[in-house]
Structures are given as C-alpha cells and as structure tokens.
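Undergrad: Right, I'll just put the structure down here and ask away after.
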Amino acid sequence: MPDDPSYTQSRRVASWNTRFERSPAAIVECTSHDDVRLALELASATNLEIAVRSGGHDVLGASTGDGLVIDLQRMASIEWRGDSIRVGGGVRVGQLDAATGTRNRVIPLACNRAVGVSGLTLGGGLGWFVGLYGAACDAVERATVVTPQGDVVETSSTDNPDLFWGIRGGGGNFGIVTEWQYSTYGIDTVTSGTIVYSGTQAREFLQLYRDFKSTCPDNVTVEVVAQAHTHPIIAATLVVVGTPNAARKVLKPLLDFGPPLADDLSTTTFREAGRQRGDSVRRYFMWKEPMQLDVRRTPGSYWQGITLESLDDKSIDVIADAISAPPPGWSFGLGHVMRGALTGRSDSATPFVRCEGHTTVHFDGAWSYAALADPLMTWIDESIAQLKPHAASSQYVNYLSDGSPSAVRHTYANHYNRLRQIKQRYDPANLLRGNRNIPLPL
Ligand SMILES: Cc1cc2nc3c(=O)[nH]c(=O)nc-3n(C[C@H](O)[C@H](O)[C@H](O)COP(=O)(O)OP(=O)(O)OC[C@H]3O[C@@H](n4cnc5c(N)ncnc54)[C@H](O)[C@@H]3O)c2cc1C
C-alpha cells in the first residue's frame with residue numbers, strides 16, 4: 001500500500017520516466033496460484049484496473065498502473081523435470097540461464113538477463129539461440145494459467161490447446177501465467193564476448209554487419225550496441241556455438257573490420273559467458289555522467305523499439321545519422337534477425353509472426369538527472385519516427401512501442417482473429433487489458 005516503506009521501490013518498473021510513472025492503489029506480491037486468484041477477486045470486488053508484472057521490463061510500462069498491480073516476482077521457483085525445467089512466473093532470464101547452465105543446457109531466452117521470462121515468452125522471446133532453437137515461446141511444453149474467472153488451468157498441446165497456442169506470443173491477454181515448463185537443449189561451450197570499434201565507423205560497420213548476418217550460419221548470433229560513455233563506440237556482442245577454431249574462422253570478417261579497439265572473445269560455458277564483460281572492453285562501457293547538470297537526482301530510463309523489414313542502406317543512413325548527434329545517456333541496439341529455426345517453424349505454430357530477415361532495432365536512454373530526460377526521450381522518439389517508413393509489415397510485439405489497438409491488430413496480422421476468439425473464451429470482459437491488448441467485442 002502507498003504508506004508501506006517498500007512501496008516507492010515496488011512501484012518502479014524498468015522503463016521509469018515521466019510518461020510511465022504510476023502510483024498503484026496497491027501492489028499484491030503473490031507467492032502462489034491462490035494469491036493470484038485472490039488478487040483477481042480483489043480487483044473485481046474493488047473495480048480496480050489490473051496490471052500484471054513479472055520482470056517489469058515492458059517497454060511501455062504496461063506492468064504498472066493506478067489500480068492493482070499483481071506482482072509475480074516472488075514466484076521464482078526453478079525445478080528440473082528430466083531435461084525439462086518448470087519455473088515460477090516471476091523468474092528472470094539470468095536466473096534461468098544460470099540454472100540451466102549448471103547442467104550445460106540452455107533455453108532460447110533473451111539476450112538481456114534482467115528481463116522476466118513471463119513477459120518475454122508471452123510475446124515470443126528472441127535471444128542468443130534464435131538461429132538454432134527459435135524463440136522462447138517455441139521451447140514451452142506446458143504452462144499453468146490463472147484465468148480472469150479465477151480458474152487454475154493447465155495448458156499444453158493436449159490440455160486446453162487453444163489457450164496454449166495463445167500464450168505463446170499473444171501476450172497476457174487470456175490469463176496470468178504462474179508457471180512455465182520449458183524444454184532445454186544441451187550445449188557444452190560457446191565462443192562469446194564483445195568486439196569494440198570506433199563509433200566513427202558506425203555506417204560502414206552496419207553495412208558489414210548486415211552482409212555478415214545474411215550469410216553466417218545459424219549457430220552464430222551477433223547483436224550490435226552503440227554508446228558514447230567515454231567516446232562513441234559501436235560493438236558486436238556475440239555467441240557462437242561450436243569449436244573455438246570454427247568460431248574464429250566464421251567471425252573473421254568482424255575481426256578484420258576496423259581494426260577493432262578491443263575484444264574479449266573467449267571460449268567458455270554459456271553460463272560463464274553471461275557474466276561480466278572482460279577488462280579490455282569494460283572500460284568502453286563505463287558510464288561517465290555529465291556532472292555539469294547539477295539538478296535533483298531522479299534516475300530513469302526510456303526504451304523504444306521497431307522491427308525493420310531488413311537492414312537496408314536507407315535504414316542504416318537513418319541510424320548512423322541518429323547516433324552521430326545524440327544527447328548524453330543514449331544507447332542504440334540492433335540485432336534480433338529472424339532466421340534459422342525461428343523462421344523454419346510453421347507460421348501457424350504460435351501467434352508469433354515469423355518473417356525471414358525481419359530485424360529489431362531499439363534506441364534507449366538512461367539518466368540520473370531529470371534535466372537529461374526530455375532531450376533523451378525526444379531523441380529516441382524522433383529516431384524511431386524516422387525509421388517508421390522502413391518498418392516491417394508486422395512488428396515484434398515485445399518491442400512494439402505503440403500500444404494502440406490498430407498497431408496490435410496489424411502486428412498479429414492473420415493470427416488476430418484466432419486470438420480474439422481465445423480472448424472471447426477466457427477474458428470476455430477484458431479484465432486483462434494492461435498489455436498489447438486484443439479488445440472485444442468481436
Ligand atoms: C532493457 C531491455 C532489454 C530487452 N531485451 C530483450 C531481448 O533480448 N529479447 C527479447 O525478445 N525482448 C527483450 N526485451 C523486451 C522484453 O521481452 C519485453 O519487454 C517483455 O515483455 C518483458 O517481460 P517482463 O516480464 O520483464 O515484463 P513485464 O513488464 O513484467 O510484463 C510485460 C507484459 O506482460 C504482461 N505479463 C507479465 N507477466 C505476466 C504473466 N505472468 N501473465 C500474464 N501477463 C503477464 C504484463 O502485464 C505486461 O503487459 C527487452 C526489454 C528491455 C526493456
């Protein structure tokens with residue numbers, strides 16, 4: 001409740017800024033299906049708007065609100081079932097990667113370790129193993145869902161298969177997922193790390209990256225990040241599954257470009273690879289705050305994404321221009337390219353729309369001083385707006401920075417009607433609407 005000492009911290013979400021700041025009437029920190037059921041009852045009885053939160057990383061701040069926040073972060077159990085793993089809805093990617101890593105196994109989750117597995121999987125989930133194993137939603141075997149009516153329902157390809165289909169990409173529209181069961185895949189070692197280049201070479205690097213990604217094998221995943229903490233840099237962060245020699249060979253075009261300012265590539269377990277960057281590249285990512293802005297400390301962040309049809313020369317020009325004149329605190333990222341196992345799967349397997357070559361891009365900013373927030377948010381909005389003419393026909397829903405019903409309908413394309421039928425069945429009153437909403441009536 002607002003007068004609890006922990007309230008100020010509990011109401012924060014990852015994208016914390018003047019647009020998304022909310023003061024919920026109450027935050028219910030659930031530890032069981034029953035808590036979730038009771039929280040739903042409470043919301044109905046008090047007519048409070050519901051927001052569901054797992055990892056709190058929704059890019060539009062959808063997991064907070066002015067009503068009742070149903071928070072699953074305490075539901076963080078992790079339990080092996082043979083080679084499968086069953087986890088609570090509040091688990092984060094880093095926790096699950098660490099757990100699967102103890103057995104040298106992986107799940108295709110996100111690149112970012114702080115993201116919640118629930119929000120991630122509900123929207124698809126793209127990360128280091130897209131080419132080899134597809135999306136997070138592809139690894140789901142079963143899930144437990146508390147429906148808005150308060151029923152605790154098991155879902156799988158045989159139990160409530162329509163709901164099972166809907167939650168693997170259709171978002172939190174149909175119920176609150178309290179447990180997931182994922183398949184895991186055995187991986188011994190990976191070659192991974194970061195190669196850092198001067199930011200002045202951004203345009204040429206993006207062209208090289210585009211060509212590299214279109215020909216590299218499915219066991220290679222490269223993400224791009226650009227920042228200017230000490231001076232402008234652009235960097236390739238990567239994971240290659242396979243022997244070190246084969247990895248170095250396939251990475252040759254990236255290692256020859258530049259030349260790089262530094263790299264910390266090493267061959268290790270995926271679990272180990274997820275830890276801190278090595279010293280040689282860490283200094284390029286160290287944050288130096290502009291101290292001249294002596295105003296109230298108000299840390300915050302803002303994040304907007306877009307999916308491009310492909311990384312063509314015109315998009316590269318827009319990106320290179322945007323990152324050549326950014327305000328302090330900026331960052332740019334690029335790199336879930338849809339391909340391999342992800343696009344090899346039938347498009348009707350889940351609501352997640354799979355299109356070969358579609359590429360996600362995001363701009364984000366983080367600040368400690370209020371005066372930095374507006375210029376950063378404006379820069380991010382303008383950069384995304386300039387990329388809109390190059391946007392893909394269908395946007396990756398987890399990066400969808402426009403929550404309007406038409407944007408959501410457009411994104412789900414030919415899956416939309418089936419999703420609406422499932423919504424009609426499980427949440428006809430649209431109680432769960434703090435998400436990329438599929439509204440009713442039909
Ligand atoms: C810094 C950053 C890095 C990211 N990196 C990646 C990445 O590498 N790959 C990728 O694919 N995506 C990435 N994303 C996007 C991310 O997948 C989405 O923002 C995702 O929705 C976050 O999930 P969450 O549980 O943390 O979020 P939350 O904010 O808790 O939830 C997101 C949405 O799902 C709903 N929801 C959450 N839990 C449940 C539940 N158990 N049942 C029903 N509804 C629920 C919420 O109400 C909300 O609408 C990133 C986002 C950020 C901000």
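Undergrad: Looking for whichever is more than 7 Å from the ligand (Cβ to nearest atom), outside the structural domain of G333 (by TED's automatic domain parsing), buried (at least 24 other Cβ atoms within 10 Å of the Cβ) and closer than 17 Å to V59 by Cβ here; the options are G124, G134, G169. Which one fits?
TA: Being more than 7 Å from the ligand (Cβ to nearest atom), outside the structural domain of G333 (by TED's automatic domain parsing), buried (at least 24 other Cβ atoms within 10 Å of the Cβ) and closer than 17 Å to V59 by Cβ holds for just one of G124, G134, G169, which is G169.
Undergrad: Another one. Looking at A373, is it more than 14 Å from the ligand (Cβ to nearest atom), crowded, with 21+ Cβ neighbours inside 10 Å and either outside any helix (DSSP H, G or I) or hydrophobic (A, V, I, L, M, F, W, C) (or both)?
TA: yes
Undergrad: For segment 349-362, check the following and say yes or no: at least one residue is within 30 Å of V145 (Cα to Cα), in contact with a strand residue (DSSP E or B) (Cβ under 8 Å, 6 or more places away or on another chain) and not in a loop (DSSP other than H, G, I, E, B).
TA: Yes.
Undergrad: State whether the residues of segment 389-408 include one that is surrounded by 22 or more Cβ atoms within 10 Å (Cβ to Cβ) and farther than 26 Å from F164 by Cβ.
TA: No - not one qualifying residue is present in segment 389-408.
Undergrad: Further question: Quick check on V117: is it in the same structural domain as V87 (by TED's automatic domain parsing), among the aliphatic types (A, V, I, L, M) and within 12 Å of the ligand (Cβ to nearest atom)?
TA: yes
Undergrad: Also, quick follow-up: Quick one: which of T221, T243 is at pLDDT below 95 and outside the structural domain of V93 (by TED's automatic domain parsing)?
TA: T243
Undergrad: Whether any residue in segment 331-338 is crowded, with 20+ Cβ neighbours inside 10 Å, of a type outside the set (A, V, I, L, M) and assigned to a helix (DSSP H, G or I) is what I want to check.
TA: no
Undergrad: Every residue in segment 4-17 that is at pLDDT 90 or above and more than 21 Å from R74 (Cβ to Cβ), please.
TA: N17
Undergrad: Somewhere in segment 96-104, is a residue touching a Gly at 6+ places or on another chain (Cβ under 6 Å) and either assigned by TED's automatic domain parsing to the domain that holds T46 or at negative phi (or both)?
TA: yes
Undergrad: Just the residues that are out of contact with any Phe, Trp or Tyr (no Cβ under 9 Å at 6 or more places or on another chain) and without any contact (Cβ under 8 Å) to a residue 60 or more places away in the chain, please, taken from segment 6-22.
TA: S6, Y7, T8, Q9, R11, R12, E21, R22
Undergrad: Quick one: V239 ticks every box in (1) over 27 Å from W330 (Cβ atoms); (2) surrounded by 17 or more Cβ atoms within 10 Å (Cβ to Cβ) except a single one, so which number is it?
TA: (1)
Undergrad: Looking only at residues in segment 35-86 that are among the hydroxyl-bearing types (S, T, Y) and farther than 24 Å from Y396 by Cα, which one is surrounded by the fewest Cβ atoms within 10 Å (Cβ to Cβ)?
TA: So the residue we want is T46.
Undergrad: Is at least one residue of segment 16-23 in contact with a Leu (Cβ under 8 Å, 6 or more places away or on another chain) and not hydroxyl-bearing (S, T, Y)?
TA: yes
Undergrad: In addition: Out of S214, S157, which single residue is surrounded by fewer than 18 Cβ atoms within 10 Å (Cβ to Cβ), over 30 Å from G403 (Cα atoms), among the small types (G, A, S) and away from the ligand (no atom under 13 Å from the Cβ)?
TA: Selected residue: S214, the only one of S214, S157 that is surrounded by fewer than 18 Cβ atoms within 10 Å (Cβ to Cβ), over 30 Å from G403 (Cα atoms), among the small types (G, A, S) and away from the ligand (no atom under 13 Å from the Cβ).
Undergrad: Could you please let me know if L432 is under 30 Å from A322 (Cβ atoms) and of a type in the set (A, V, I, L, M)?
TA: No; evaluated as a whole, the condition is false for this residue.
Undergrad: A further question on this structure: Please work out if A76 is out of contact with any Ser or Thr (no Cβ under 9 Å at 6 or more places or on another chain), farther than 22 Å from I27 by Cα and either without any contact (Cβ under 8 Å) to a residue 60 or more places away in the chain or in the same structural domain as I176 (by TED's automatic domain parsing) (or both).
TA: no
Undergrad: For segment 13-22, which positions are touching a Lys or Arg at 6+ places or on another chain (Cβ under 9 Å) and either within 11 Å of the ligand (Cβ to nearest atom) or aromatic (F, W, Y) (or both)?
TA: Passing the criteria: only V13.
Undergrad: Oh, and also: In segment 23-65, which residues are away from the ligand (no atom under 11 Å from the Cβ) and touching a Phe, Trp or Tyr at 6+ places or on another chain (Cβ under 8 Å)?
TA: Residue satisfying the conditions is I27 alone.
Undergrad: What pairs come up if the first residue lies in segment 367-388 and is closer than 26 Å to M286 by Cβ, the second is part of a helix (DSSP H, G or I), and their beta carbons are under 7 Å apart, counting only those six or more places apart or on different chains?
TA: Within 7 Å, the pairs are W367/A373; W367/L376; S383/A322.
The values are calculated or read from the model by the stated rules, or taken from the named source; none is laboratory data. As the structure is a prediction and not an experimental result, all values here were calculated from the model. Cβ atoms come from the backbone with ideal geometry, glycine included; neighbour counts cover every protein chain shown.
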